[in-house]
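Visitor: I have a structure here, written as structure tokens, and I will follow up with some questions on it.
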Amino acid sequence: MPLLNVKAIIDAEEDGSFWFTTWRKQPTQTTGAGVWFDLSMSPGNPNPNYYAAAPNIAIALKQSTDGGIPHGGIPHGGAVAPFGKKKYLKQFLAMTTTATAVPLPMLLCDYLLFYPFVDMSVTDEQVLDNTVTLPRYTTGQGVRIMPVEVAGQSGVGNPRFSVTYVNQAGVTKQTPVVACNTQVVNGTIITSAPNLFMSSGPFLPLAPGDTGVRSITSVTFQTPDVGLIAFVLVQPIENTQIRSIDAPVERNMPTDFAELPTIEDDAYLNLICMPNGSLSGAPIHGTATFIWS
């Protein structure tokens with residue numbers, strides 16, 4: 001994350017090179033405690049993304065075509081790199097008034113690409129189409145795999161699977177085998193559960209020594225289940241946590257960390273979270289400020 005001096009930050013704001021935005025998500029799903037959830041599939045602002053496309057074929061995500069949290073640019077939402085500038089996240093605020101949600105860890109991610117409708121009932125190796133490649137972070141450095149439930153599974157027996165992928169160095173590797181949880185809610189990150197053997201949290205573990213993913217080449221389920229998964233490649237940008245319902249939490253990057261996360265041109269920004277209970281009907285909202293210099 002780059003270190004900007006105070007003058008560069010002030011100059012960016014004084015010459016209008018900033019973008020202030022609000023966001024709001026209100027899930028309809030009854031989520032479970034300690035299970036990560038993809039807020040991009042929930043109603044609100046920005047509009048939900050349901051990962052609906054032809055099965056197993058990679059689809060890139062971009063702000064200009066798919067939405068996400070807007071982050072501005074030159075002149076109004078456009079790219080800044082052609083003007084010799086870079087864009088940064090300066091401030092991020094989040095809050096909720098629903099007690100069952102908190103504490104609520106959250107991750108802001110750049111959603112890069114997804115493979116829709118991977119069938120959990122197939123135990124043969126499913127080869128994925130990579131005609132479309134990463135639109136940003138093209139080396140794969142720091143990119144993670146997020147398996148999102150998009151059509152209800154049963155979770156009976158905690159089905160297990162592994163993924164074959166191309167790492168940040170262009171070498172084909174395989175993830176460790178991971179187990180699915182029993183949450184049947186669309187939007188659930190299917191490999192996250194607080195007390196499940198072989199669960200992995202919001203992202204799949206990579207082979208030892210690997211630091212990123214360029215693409216997924218295939219998926220293999222060891223045991224079948226009903227349901228469909230979207231495998232999403234994301235770049236984590238920033239983390240925060242709503243601790244209680246009586247106050248928002250704010251991350252001000254220059255004063256709190258002296259470093260500002262970079263936001264790539266045309267990034268599709270959205271959020272994942274790990275609720276303490278049900279998010280059904282819970283308004284989760286906040287603000288974000290971006291600058292370019």
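The values are calculated or read from the model by the stated rules, or taken from the named source; none is laboratory data. This structure is a prediction, so every number in the text was calculated from the model and none was measured. Cβ sites come from the backbone with ideal geometry, for glycine too, and all protein chains shown count toward neighbours. Ligands, DNA and RNA are stripped out before the accessible areas are found, and what is left, the full protein with its side chains, is counted by its heavy atoms. Shrake-Rupley method; radii C 1.70, N 1.55, O 1.52, S 1.80 Å.
Visitor: Once you've got the GNM for the chain with C-alpha springs shorter than 10 Å, pick whichever of I245, I59, I263 has the biggest mean-square fluctuation.
Guide: Of I245, I59, I263, the most mobile in the Gaussian network model is I245.
Visitor: Please give the length that would be gained between A53 and R24 if that part of the chain were fully extended, namely 0.36 nm times their separation in residues minus their C-alpha to C-alpha distance (nm, one decimal).
Guide: Length difference between fully extended and current span is 7.9 nm.
Visitor: Something else: If you scale each eigenvalue of the Cα gyration tensor by 5 and take the root, what three semi-axes come out for the range 247-293, rounded to whole angstrom and sorted largest first?
Guide: Sorted largest first and rounded, they come to 25, 15, 10 Å.
Visitor: A further question on this structure: With contacts defined as alpha carbon pairs under 8 Å and 6 or more residues apart, what's the relative contact order of the range 29-83 in percent?
Guide: Relative contact order here is 21 percent.
Visitor: Same structure, new question: Sequence gap at least 6, Cα distance under 8 Å: using those rules, report the relative contact order of the chain to the nearest whole percent.
Guide: Relative contact order here is 39 percent.
Visitor: Pairs of Cα atoms under 8 Å, at least six residues apart: use those to get the relative contact order of the range 7-135, whole percent.
Guide: Contact order relative to length: 31 percent.
Visitor: Something else: For the range 156-256, rounded, prolate or oblate, judged on the Cα gyration tensor with a ≥ b ≥ c (square roots of eigenvalues), a/c < 1.5 rounded, else prolate if a/b > b/c?
Guide: Oblate, because a/c is 1.5 or more while a/b does not exceed b/c.
Visitor: If you place +1 on the Cβ of every Lys and Arg, -1 on the Cβ of every Asp and Glu, and leave all else neutral, what size is the dipole of the range 68-143 about its Cα centre, to the nearest 20 Debye?
Guide: 760 debye
Visitor: For the chain, which whole percent of the accessible surface, found with a 1.4 angstrom probe, sits on carbon and sulfur atoms?
Guide: Its accessible area is 56 percent carbon and sulfur atoms.
Visitor: Let me ask something else. What does the accessible area per residue of the chain come to in Å², with a 1.4 Å probe and no ligands, DNA or RNA counted?
Guide: I get 40 Å² per residue for the chain.
Visitor: Also, quick follow-up: Let's test the formula: R0 of 41 Å, r as the Cβ-Cβ distance of T220 and Q241. What FRET efficiency results, to the nearest 0.05?
Guide: 0.70
Visitor: I've got another one for you. What is the set of long-range amide H partners of K90 at a cut-off below 5 Å, with H atoms built 1.01 Å from backbone N?
Guide: Residues meeting the criterion, in which the H sits 1.01 Å from N, are T289, F290, I291.
Visitor: From the helices alone, meaning DSSP H stretches of at least four residues, give me the mean residue ellipticity at 222 nm for the chain, per-run term -39500 (n - 2.57), in deg cm²/dmol to the nearest 500.
Guide: Counting only the DSSP helices, I get -1500 deg cm²/dmol.
Visitor: According to the square roots a ≥ b ≥ c of the eigenvalues of the Cα gyration tensor, what is the shape class of the range 92-150, taking rounded for a/c under 1.5, prolate for a/b larger than b/c otherwise, and oblate for the remainder?
Guide: It comes out oblate by the Cα gyration axes.
Visitor: Label-point separation (nm) for V171 and T123, each offset 7 Å from Cα along Cα-to-Cβ?
Guide: Distance between label points: 3.2 nm.
Visitor: Continuing with this model, one more query. Ranking request for peptides 135-143, 188-196: highest mean number of other beta-carbon atoms within 10 Å first, then the rest in descending order.
Guide: Averaged packing, sorted descending, gives the order 188-196, 135-143.
Visitor: With equal scatterers on the alpha carbons only and no solvent term, can you work out the Debye log10 of I(q)/I(0) for the range 32-139 at 0.13, 0.17, 0.21 1/Å?
Guide: Cα-only, vacuum Debye calculation for the range 32-139: -0.71, -1.08, -1.33.
Visitor: Run the count for the chain, please: Lys pairs, Cα-Cα under 26 angstrom, 8 or more apart or on different chains.
Guide: Taking the Cα cut-off of 26 Å, the pair count is 11.
Visitor: Among L112, I69, G84, whose Cα lies farthest out toward the positive end of the dipole of the range 24-181, if unit charges sit on the beta carbon of Lys, Arg (+1) and Asp, Glu (-1)?
Guide: G84
Visitor: Across the chain, where is the longest run that never hits GluC sites (Glu not before Pro) in a DSSP loop with at most 16 other C-beta atoms within 10 Å?
Guide: 126-258
Visitor: Okay, moving on. Can you bin the range 31-94 into rounded, prolate or oblate? Criterion: square roots of the alpha carbon gyration tensor eigenvalues sorted a ≥ b ≥ c, rounded for a/c under 1.5, prolate for a/b above b/c, oblate for the rest.
Guide: Cα axes put the range 31-94 in the oblate bin.
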